[in-house]
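Beneath this line is the structure, given in structure tokens, with notes to follow.
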Amino acid sequence: MESLTERIRILESQGYVNNFGVRNGQLCIGRDIMFSEENVNLDSTYRIEAASDPDSQSIVYALTCA
């Protein structure tokens, strides 16, 4: 079973290096870089469950932005 840390490392090795947040309904990197919905592509989705607790789940999205 893959851990959250392992999936993030794999994605980083594929060039997914930014962590996004949401502010005012838009994806953002930090405080200054914001993306509107039409400029965001969802490349992949990963559901990660903790081996010791199946109720502990995370979702990781691989995104690209124009």
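Structural remarks
- Taking all protein chains as they are arranged and a probe of 1.4 Å, the heavy atoms of Leu42 leave approximately 110 Å² accessible to solvent.
- Taking a Cβ cut-off of under 15 Å around Ile10, the surrounding Lys, Arg, Asp and Glu residues balance to a net charge of -1, with basic ones at +1 and acidic ones at -1.
- Between Tyr46, Ile59, Tyr16, the Cα set farthest toward the positive side of the dipole of the chain (charges on each charged residue's Cβ, about the Cα centre) is that of Tyr16.
- For the peptides 30-38, 6-14, residues were scored by their other Cβ atoms within 10 Å and the scores averaged per peptide; the highest-first order is 6-14, 30-38.
- Radius 11 Å from Cβ of Ala62, net charge of other residues (Lys, Arg +1; Asp, Glu -1): -1
- Inter-label distance, nm, simple model (7 Å from Cα along the C-beta direction), Ser56/Ser36: 4.1 nm
- Of Thr64, Thr45, the order by accessible heavy-atom surface (1.4 Å probe, DNA, RNA and ligands excluded), from most exposed downward, is Thr45, Thr64.
The values are calculated or read from the model by the stated rules, or taken from the named source; none is laboratory data. Small disclaimer: the values here were computed from a predicted structure and weren't measured. Cβ sites come from the backbone with ideal geometry, for glycine too, and all protein chains shown count toward neighbours. Remember, those area values only see protein heavy atoms, side chains included, never the ligands or the DNA or RNA. Shrake-Rupley method; radii C 1.70, N 1.55, O 1.52, S 1.80 Å.
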